[in-house]
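Take a look at the structure set out below.
The values are calculated or read from the model by the stated rules, or taken from the named source; none is laboratory data. This is a predicted model, so every value here is computed, not measured. Methodologically, a virtual Cβ is constructed for each residue, glycine included, from the backbone with ideal geometry; neighbour enumeration extends over all protein chains shown.
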Amino acid sequence: MRSQFFISNCTLLISATVAVASTVRIECASESIIVHISTEGNTDFHGLVYPRGLSKNSSCLQEYKSQPAPITYRLPLRSCNTMPTELDDGGIEYFNTIVVQPHLKLVTNQGRGFHVRCRYQTRDKVVTNDQTRVAMLQSLPLQAMAPMPGCTMKIFSGDPTRHHVAENVKIGDPLTLVISIDKQEMFGLKISDCMVRDGLGWGEQRLINDEGCPIDGEIMGQFTYSEDKTEAKVNFQAHKFPYTASVYYQCNVRLCTKHGGGCSDTPPSCNEISRRKRATGRLDDKDVALDGTPATIEVYSGLYVNEASDLGGKSELTDDVFRERTIDEADSICISQRSFAIGIAIAGLILMIAVVAAILVLLAKRRHKNISTTGSSIYSGPYTNTAYSHSS
C-alpha cells in the first residue's frame, strides 16, 4: 500500500534544560501512524505523549521515563481521536494532533504540538469471505468477470446533496450516514451490523443488527436504499459518549448479485423478521442460507460531537497544549464562568432578601415602641400630699 505523510508543527517557547522534542518522523502503517520523536541533543526523554484532548484517564496517553531518544509513539488509525477524510482522488487521509510534554505532571512552556497526517493511495479494506467452499467456488466466475467495487461511508451534515461532510458538530445536529459502492450492474449492497464506538475501547453501542434492522429507532432508524441498490442512507441526530467528543461508526456491507434475485432481501422487511422471530424463536432456514454473496466489506467513519457550550469558541493549538493537563491539587477549585455568574446572581438575591428582612424587622420594632410610649400612665406607688403634712 503506497502512502504519504505530512507533518506541521507548532513550536512553543523552548528551554535547553529538558529533553525538548525537536523533530518528528512519520511511518504510515496499515493500522496506525508510527511517530518517531527526536529530542534536542538526543537527550533522554522524560515526559508524556498523547493526542490533543486525551490527556487524562486515556489509554492513548503514553508515559516515558528516561527513555533514550528517539522515542516511538504509535497512534491508531481507528481510535484516539484519529479521524479519516475522503480525498478527491479516491484516497483517504488520516489526521490527528499529538502533544509532547517533557514533564510527567506539569504543563510547561517546553511542550510542543505536532499535526500528523497519513495519506493512503488505496483504501484499507477488511474483506472476509462468508461462504463455504462450495458457495465460494460458485461465485468465483462472477468475481473474475467483475472486479470488487469500491465502498465508502460518509457522514454529512443535514442534506447529503449539499456534500457537506460532518467533522465538528454538536449534540442533536441532523446528520446523514451514506454508504455506497461504485456504480455498476453486477453488485448491490446490504447494510448490517452497524455500531458506534468511543474510540478509546471503553464503550460501544450497537445500532443495526445482522439483518439490517435498527435496534433502537430513537438513535438510528432503518436505511433506505437507492433503486439500483448501490447506495444506502439513514438520517439521525448527532450523539456522543459522555467522556469523549470523538465517535466512530462501523458497518458491514454485504455485496449481493443483482441478477438472479440475489438482492431480493434488500432492504429487509424488519417487521416481518421480528414477527417470525417471535413466532418460532428462530429464522427460517432459507433466511440464513448462503445466497452467493461474494464478500463482506467493513467500512467506518468518524467525527467530533461536542456539547452545545463547547462550540462557543475554539482555541489555538498553542493554548490547548498549555491547558491539556492541569495540576490536581487538593485545595484547588475550578469554576466555569457560567457557574460563577450564576453563583454571583444567587448570592446577590440572597443579600437583597436579607436587607429587606432587616428593614422590616427594624420597622416592626419602631412601631412597637411608639405604641408603648404614647398611652396614659397610672402611678400606683406610695403617694404623699405635702399640703396636709405637718410636723409634730
Selection from the stretch 217-237 of residues of a type outside the set (Phe, Trp, Tyr) and not in a strand (DSSP E or B) yields GLY217, GLU218, ILE219, MET220, GLY221, GLN222, SER226, GLU227, ASP228, LYS229, THR230
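Looking at the structure I just gave you, is ARG78 at pLDDT 90 or above and surrounded by fewer than 22 Cβ atoms within 10 Å (Cβ to Cβ)?
Details: at pLDDT 90 or above: no; surrounded by fewer than 22 Cβ atoms within 10 Å (Cβ to Cβ): yes.
Answer is no for this residue.
Could you name every one of the strands (runs of 3 or more DSSP E) located completely within the stretch 83-140 that has at least 2 residues being at pLDDT 75 or above?
Filter on the stretch 83-140 gives 83-86, 92-101, 112-120.
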Is it true that some residue in the stretch 177-195 is closer than 21 Å to GLN222 by Cα, modelled with pLDDT of 90 or more, assigned to a loop (DSSP other than H, G, I, E, B) and in contact with a helix residue (DSSP H, G or I) (Cβ under 9 Å, 6 or more places away or on another chain)? no
Of those in the stretch 168-213 that are among the polar types (S, T, N, Q) and without any contact (Cβ under 8 Å) to a residue 40 or more places away in the chain, the residue nearest to ASP265 (Cα to Cα) is ASN209
Restricting to the stretch 238-249, what's the tally of residues that are in contact (Cβ under 8 Å) with a residue 60 or more places away in the chain and part of a strand (DSSP E or B)? 3
Quickly run through the stretch 36-60 and pick out the residues that are assigned to a strand (DSSP E or B) and more than 9 Å from VAL20 (Cα to Cα). HIS36, ILE37, HIS46, GLY47, LEU48, VAL49, TYR50, PRO51
Would you be able to tell me the number of residues in the stretch 73-91 that are on the phi > 0 side of the Ramachandran plot and within 17 Å of the chain's Cα centre (by Cα)? 2
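Starting from residues that are under 30 Å from ASP89 (Cβ atoms) and surrounded by 16 or more Cβ atoms within 10 Å (Cβ to Cβ), keep the ones in the stretch 10-28 and report whichever is modelled with the lowest pLDDT. Full working, then the answer.
We begin by selecting, within the stretch 10-28, every residue under 30 Å from ASP89 (Cβ atoms); these are 10, 23-28.
This time we only want the ones that are surrounded by 16 or more Cβ atoms within 10 Å (Cβ to Cβ), so: 10, 24, 26, 28.
Details: CYS10: 43, VAL24: 86, ILE26: 89, CYS28: 90.
By that ranking, first place goes to CYS10.
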Go through the stretch 312-367 and report how many residues are closer than 30 Å to VAL20 by Cα and either modelled with pLDDT of 75 or more or in a helix (DSSP H, G or I) (or both). 7
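Considering only the stretch 72-82, state which residues are assigned to a loop (DSSP other than H, G, I, E, B), of a type outside the set (A, V, I, L, M) and within 15 Å of SER30 (Cα to Cα). Let's see the steps before the verdict.
Residues of the stretch 72-82 assigned to a loop (DSSP other than H, G, I, E, B): 77-82.
In the following step, the residues that additionally are of a type outside the set (A, V, I, L, M) were identified as 78-82.
Selection gives ARG78, SER79, THR82.
Looking only at the stretch 66-75, count every residue that is over 18 Å from ASP198 (Cα atoms), surrounded by 16 or more Cβ atoms within 10 Å (Cβ to Cβ) and either touching a residue at least 40 places away in the same chain (Cβ under 8 Å) or of a type outside the set (A, V, I, L, M, F, W, C) (or both) and tell me the total. Step through it out loud before you land on a result.
Filtering the stretch 66-75 down to residues over 18 Å from ASP198 (Cα atoms) leaves 66-74.
From what's left, surrounded by 16 or more Cβ atoms within 10 Å (Cβ to Cβ): 67, 69-71, 73.
With the extra rule that they be either touching a residue at least 40 places away in the same chain (Cβ under 8 Å) or of a type outside the set (A, V, I, L, M, F, W, C) (or both), the set shrinks to 67, 69-70, 73.
Count: 4.
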Quick one: which residue in GLY53, GLY47 is among the small types (Gly, Ala, Ser) and touching a residue at least 60 places away in the same chain (Cβ under 8 Å)? GLY53
Which of the residues that make up the stretch 212-244 are within 15 Å of ASP193 (Cα to Cα) and surrounded by fewer than 18 Cβ atoms within 10 Å (Cβ to Cβ)? ILE215, ASP216, GLY217, ILE219, GLY221, GLN222, LYS233
